[in-house]
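Contents: one structure, followed by commentary.
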Amino acid sequence: MLGEENACNQLSTIVAGSNTTPLTNRMTATPFSSSCRTQGLWLTALLAVLVGGFFGWQHFASVTVADGWSFRVYLDGIAHVSALAKDRDGALYISKELSHEQGILFSRAADGSLTQAVVGLSKPDGLVAFRDGVAISQEGGDLPVLWLHGGQIEILFQGRSVEGLASDGQSLYAVEDRKGDGRLLRFDPLTRVLTVLRSGLSEAEGVAICPDGQLFYAEKGKRWVKRWQADGADVLVLEQLNAPGFLMCNDEGLWITEDATHRARLLLLDRTGSLQTILSGLRSGQTVLSLAPGHLLLAEQGRGRVLEVERLPVPSR
């Protein structure tokens, strides 16, 4: 029995991963009895339960909201939800980010139902209101950025894994999600000229143009957000983020979502330069769409839903 106990103890150590003795040597030196194998199966099963429980907790753990804010589920059951935009008429568009021409752009009716507006897209990961319609990016390869308006589709320019889009009402800004050779672009719809504002970007996913004209972009691969400068000396604004993805800028400041599969956040860099965590515990935060001051929609891809986020009214004294 002493040899059997030693063998079982060794098996426990193997499962725990703390013994560096070669496994084959130990197996040869000590034969395993039936009871020892049973113990090993129980230990393996226990580890599987613990690991599964951890990831289950990560999936179902509640989102935490900052004081002074609230959120609710606005839309649910939209697998691969990614981009959000409203056109000039107030119609809400929602993208389903699938590759190989399986991606879909939905429009949401007043009764909440979703209608397919565009099909055959490859990873439609960027949407923005543009002129009298919406611009659509495709991250799935060397594919065009499209313009949906009046029920028609028009090609704006040819891109390379274009993800984030932004507009100042005149030009269209875009970033390419590529490893080390991505670009920050500006497209003039009147002249049809595409200008490269910055190159050599690493997994650039987000771009935002502020009301005052400041231009920001996020590089997920480098975990930072920068402010673009015409002289090339771009300013580091935020760093050590958890997979920064989408950016949006309004009068409240710069909004950032983290595209991490677990523990992602919705952040606000306000006008005073203070970084606030509005939501935490998200799974793959995507587009933030401003509806009004202190009122947003947020696509949470990891849970297949859209959240409505609102600033609570200040209590009267």
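None of the figures in this text is laboratory data; all of them are computed from the coordinates on show. Note that the structure is a prediction, hence the values are computed from the model and not measured. Here the Cβ is made from the backbone with ideal geometry for all residues, glycine too, and neighbour counts use every protein chain on show.
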- Message: Using Cβ counts within 10 Å as a stand-in for footprinting exposure, how do 255, 228 rank, fewest first?
- Response: 228, 255
- So for segment 152-203, taking the charge dipole from beta-carbon charges (+1 Lys/Arg, -1 Asp/Glu), which of 199, 175, 159 sits furthest toward the positive end? 199
- Fewest-first ranking of 123, 96, using other Cβ atoms within 10 Å as the exposure measure: 96, 123
- Among all the lysines, which ones have a C-alpha under 16 Å from residue 220's C-alpha, if same-chain residues fewer than 8 places away are not counted? 179
- Scan segment 221-317 for GluC sites (Glu not before Pro) in coil per DSSP, keeping those whose Cβ has at most 12 other Cβ atoms within 10 Å, and list them by number. 239
- For 70, 161, 95, 280, ascending order of other Cβ atoms within 10 Å (fewest first) is 70, 280, 161, 95
- Message: Which lysines, if any, have their Cα less than 20 Å from the Cα of residue 96, not counting same-chain residues under 8 positions apart?
- Response: 86, 123
- Task: Provide the FRET efficiency to the nearest 0.05 for the residue 312-residue 102 pair, computing r from the beta carbons and using R0 = 41 Å.
- Result: 0.55
- Normalised contact order of segment 64-311, rounded percent, pairs of Cα under 8 Å and 6 or more residues apart: 15
